[in-house]
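One structure is given here, and the rest of the page talks about it.
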Amino acid sequence: MQKNKTTFCIAYEMNVFLSIVDHGRVMGAEKRSHLWGGGIECESMKFGGAQHQQRVGCCCCKGSGKRAARQSVEEGKHGVTLSEWLPCLIPPALALGVYTNSLGGEFVHDDLSAITANRDITDPAAGTWDFLYNDFWGTSLLDPLSHKSYRPLTILTFKWNYALSGLNPWSYHAVNVILHAAVSALFAWLCLNCLGLSKLSSLLTASLFAIHPIHTEAVSGIVGRADILTTLFFLLSFISHDRATMNNQKSGEMRSGSRHPVTCFNVLFLRIVSLLSAFLALTAKENGIAALPVAITWDIIRLHQQSASSCDTRRCGCGKIYTSPSNKSTSRWNSCSCWLTVVFKCWPILLSLFTTFVLLAARIALQQGQLPLFSEQDNPAAFASSRKARILTMLYLPAFNMGLLLAPVLLSYDWQNGSIPLVEDWRDWRNVGTLFFYTSLAVTLVYAWLNRKKVILWSAAVMVWPMLPASNLFYPCGFVVAERLLYLPSLGYCLIVALGLRIVFRSTRSRWTIRAGRLVCHQNATGSYASLRRRRSSSTCSSSSSSSSSSSTSSSSSSSSNYWRPDRQVFARCLFLIGAILLAVCFATKTWTRNLDWADRRTLFESGLRTLPNNAKMHYNYANVQKDDGRWETAIDHYRTAIELWPNYASALNNLGTVLLARADDMEDGDRRKELAVQEAELRFRDAIRSHPHHAHAHYNLAVLYLQRNETEQALHLLNQVLTLNSNHREALNLLHWLQAEKKSANVDTGSSSNGRTIKHYRNADKTTIGAIPAAHHPPASAMPMTGHWITANRLQHQQQAKLHHQPQRQESRQQRGGTTSNYRWNKTAKN
């Protein structure tokens, strides 16, 4: 009786499968079976025939069955319907929707120094191709103080923006949003056509990527275009590489033995496109070097699957492994021929590997083998005195980045200045998270490799390779954590999460049991299949004897306990769908609100204070905003807080001195508070020089203070030190030229008031006259670059008494050597 029941079930499943084939839905069944992966069998997919198993993509030969099913479906298509394009249309629409409110943002943070203050973009006098020899911030790569960030493609897009709309930030933001939408659409196409995911899985993956809040810095921040461009060309490179490999396999499988010339041309063209896209990804940003290593990893995974399936070892439908009988010589010959075939197929790997080394060597040659110099405040972990603290902290940072991807709750535009405390001891609880992260990664990789899970292995490669250049494991970087760097690795994260959600959704209608040492899936008791089993069981029980009736009843009750009731299934699936929708709504809401933080400098720095109040740089940047608005007391308070959190913060010490001088200018002469403010300003300048001896701006401001006291010799000594540290320091050059002109006129009385002269603050941002310096005494234009990133509090003699007023201006700079991070210009300009 049990045998009859089994035979009936198999016959019924055969009929179901044939009906699916008749309706042209083999592809959906194949993709559903592919989702379970190798080593997992589904009873509803055992049809008793090897051809049927291969067609559906069973674990015995899922690779070839998948390709055959896909080809058969593609051959039967006469046109592409709208449903085929939905996975590629919905994600970019979501991306455009959630980033609409970022279009009204201003130039903030690094945008100011990378775009508005970059001569390669805004200066018409600069050479057309000068950006090919300069770094991302407009400094020559030969300069020892260069950041060594060579991104000419990104600078070229900024130049196009500037040529079309000038310094209108709206157009820059619009390009970023459009590029992000294009990346989302391309990622969906890759999941659907290269990785072989179903439409629903591809839609979930690309939609999660489109709305993830971790991407706000890359999309809403204009300089984040480098990461978007890198990801765009990374995807183009991988898609071209995968299509070339597939076309190469098709041409090699032709029965005629000779390849069609059109196919060979297509393969060659796709190879060139792949290598060119990888080169463009590298010119957009440094982590674009990971494009070809990911392609190499994909080829190795493919060869691993082909070598495992082409040898004599076979896997039967029940999961047992057996080897076809043969003598030792035949087995040895088959093994050798198998590996020779694999070696012959390795030429794309060798080509990609060679190109990677060439690109890497060219990149190192551009910076002459020199690494950029950073300060301790940029990356405290790299400057930790204890080797154990450095190692433990560096190992913890990847786990911290994964935490940001999993739960993007606390997001910040900057993670420097001790935002992440050092892991100095083995007893630190964060070591548990580090151990769990690396253990999970290792277990996942081993499981995916043994079971030939191509999608999981590709996701891991995308998450690991792009992060290696910025991992601080090989050389110190200018940051600890940067959210924009997670834009490219988040591709793999979104793919794994979407597959996990898909499996959980399917598990609401499946039940897993262990049978013969293998994990077997039983379909739930829904639909005609369950009713048919119940009717068959009831009919056999009624026709049997009392003894057999009792035994069959007990067996049927035990078997029915393996299935969920329909009401529980519906409730579980609804609960899962509600949870997934809530997650998507939370991500989209977080992205929308996070875009508002990037609207201007004030909102951005205020959000940083809310997120990381113990970060000294947050208080420093917020104090700069208050200083630009003329709120001296609030600026002084935040400068003092930044110095308390980081006592050696040279830039905060220097800026505090300038604000104290500015407040002293508003006080009456003879006021005791004015004298105390000047004395404290001098002390702050000295502290800045002591904490960082190469701080040129602190030397300059102290020289101006000496000139005000008629201490000309000490001022000249400090000015010479300024030019030694920075030969292009424009303010120091101007002041020296003015002093030389005064000496020639035999009227050097710098601080006296007998001739009615006073020294006032000044600023030079557009090469116009500065204070009372005659235009003839200005240094040449070549010695006056437009890259001033310092704070000036100097005072020049003015020929006439004039009414002074504050003109707060600002210009944020890039991170430089010696702690001069995010310095701003500020001065009081004399107006005739």
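Structural remarks
- Qualifying residue in the range 439-461 (condition: in contact (Cβ under 8 Å) with a residue 24 or more places away in the chain and under 21 Å from Ile391 (Cβ atoms)): no
- Ala584 buried (at least 17 other Cβ atoms within 10 Å of the Cβ) and out of contact with any strand residue (DSSP E or B) (no Cβ under 8 Å at 6 or more places or on another chain): no
- Those helices (runs of 4 or more DSSP H) lying entirely in the range 521-617 with at least 2 residues at pLDDT below 50 and under 48 Å from the mean Cα position of the chain (by Cα): 527-543
- Of all residues in the range 587-631 being touching an Asp or Glu at 6+ places or on another chain (Cβ under 9 Å) and β-branched (Val, Ile, Thr), the one that is surrounded by the fewest Cβ atoms within 10 Å (Cβ to Cβ): Thr603
- Of all residues in the range 434-457, those that are closer than 25 Å to Thr393 by Cα and surrounded by fewer than 16 Cβ atoms within 10 Å (Cβ to Cβ) total 7.
For (1) open to solvent by less than 60 Å² (accessible area, probe 1.4 Å); (2) outside any helix (DSSP H, G or I); (3) modelled with pLDDT of 95 or more, each residue gets a yes or a no:
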| residue | (1), (2), (3) |
| --- | --- |
| Ser459 | yes, no, yes |
| Pro476 | no, yes, no |
| Phe479 | yes, yes, no |
| Leu488 | yes, yes, yes |
| Leu491 | yes, no, yes |
| Ala498 | yes, no, no |
| Arg502 | yes, no, no |
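- The set of residues in the range 621-660 that are among the β-branched types (Val, Ile, Thr) and at pLDDT below 90 is empty.
- The range 404-424, residues that are over 23 Å from Cys494 (Cα atoms) and either open to solvent by 30 Å² or more (accessible area, probe 1.4 Å) or outside any loop (DSSP other than H, G, I, E, B) (or both): Gly418, Pro421, Leu422, Glu424
- Leading residue by the ranking (surrounded by the fewest Cβ atoms within 10 Å (Cβ to Cβ)) among those in the range 465-474 that are part of a loop (DSSP other than H, G, I, E, B) and in contact (Cβ under 8 Å) with a residue 60 or more places away in the chain: Leu473
- Scope the range 706-737; condition in contact (Cβ under 8 Å) with a residue 60 or more places away in the chain and more than 23 Å from Leu145 (Cβ to Cβ); matching residues: Leu707, Gln708
- Filter pass, Ile228 being in contact (Cβ under 8 Å) with a residue 60 or more places away in the chain, surrounded by 21 or more Cβ atoms within 10 Å (Cβ to Cβ), touching a helix residue (DSSP H, G or I) at 6+ places or on another chain (Cβ under 8 Å) and under 30 Å from Arg506 (Cα atoms): no
- Subset of the range 93-119 that is among the hydroxyl-bearing types (Ser, Thr, Tyr) and either surrounded by fewer than 22 Cβ atoms within 10 Å (Cβ to Cβ) or modelled with pLDDT under 95 (or both) - its residue that is farthest from the chain's Cα centre (by Cα): Thr116
- Single match in Ala182, Ala218, Ala210, Ala206 (criterion: within 30 Å of Cys586 (Cβ to Cβ), surrounded by fewer than 21 Cβ atoms within 10 Å (Cβ to Cβ) and modelled with pLDDT of 95 or more): Ala182
- Selection status of Leu190, touching a residue at least 24 places away in the same chain (Cβ under 8 Å) and open to solvent by 10 Å² or more (accessible area, probe 1.4 Å): no
- Flag if Ala50 is open to solvent by 10 Å² or more (accessible area, probe 1.4 Å), modelled with pLDDT of 90 or more and out of contact with any strand residue (DSSP E or B) (no Cβ under 9 Å at 6 or more places or on another chain): no
- Unmet requirement for Asn401, which otherwise passes all of (1) touching a Leu at 6+ places or on another chain (Cβ under 8 Å); (2) more than 30 Å from Ala584 (Cα to Cα); (3) open to solvent by less than 30 Å² (accessible area, probe 1.4 Å): (2)
- Of the helices (runs of 4 or more DSSP H) lying entirely inside the range 618-700, those carrying at least 1 residues that are under 30 Å from Ser412 (Cα atoms) and free of Cβ contacts under 8 Å to residues at least 12 places away in the same chain are 632-645.
- Residue identified as part of a helix (DSSP H, G or I), over 30 Å from Ala588 (Cβ atoms) and at pLDDT below 95 among Arg427, Arg390: Arg390
Residues are listed down the side, and each one gets a yes or a no for (1) more than 30 Å from Gln377 (Cα to Cα); (2) of a type in the set (Ser, Thr, Tyr); (3) open to solvent by less than 80 Å² (accessible area, probe 1.4 Å):
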residue: Arg684; (1), (2), (3): no, no, yes
residue: Ala696; (1), (2), (3): no, no, yes
residue: Leu702; (1), (2), (3): no, no, yes
residue: Arg709; (1), (2), (3): yes, no, no
residue: His729; (1), (2), (3): no, no, yes
residue: Leu739; (1), (2), (3): yes, no, yes
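- Among the residues of the range 162-176, the ones that are open to solvent by 10 Å² or more (accessible area, probe 1.4 Å) and assigned to a helix (DSSP H, G or I) come to 9 in all.
- Test set (1) aromatic (Phe, Trp, Tyr); (2) more than 30 Å from Leu725 (Cβ to Cβ); (3) touching a residue at least 40 places away in the same chain (Cβ under 8 Å) - Phe136 fails condition number: (2)
- Residues that are part of a helix (DSSP H, G or I) and of a type in the set (S, T, N, Q) were ranked within the range 120-161; the one that is surrounded by the fewest Cβ atoms within 10 Å (Cβ to Cβ) is Thr122.
The values are calculated or read from the model by the stated rules, or taken from the named source; none is laboratory data. Values in this document were obtained by computation on a predicted structure and should not be read as measured data. Cβ coordinates were reconstructed from backbone atoms using ideal geometry, including for glycine residues, and neighbour counts include every protein chain displayed. Heavy atoms of the whole protein, side chains included, go into the accessibility calculation; ligands, DNA and RNA do not. Shrake-Rupley method; radii C 1.70, N 1.55, O 1.52, S 1.80 Å.
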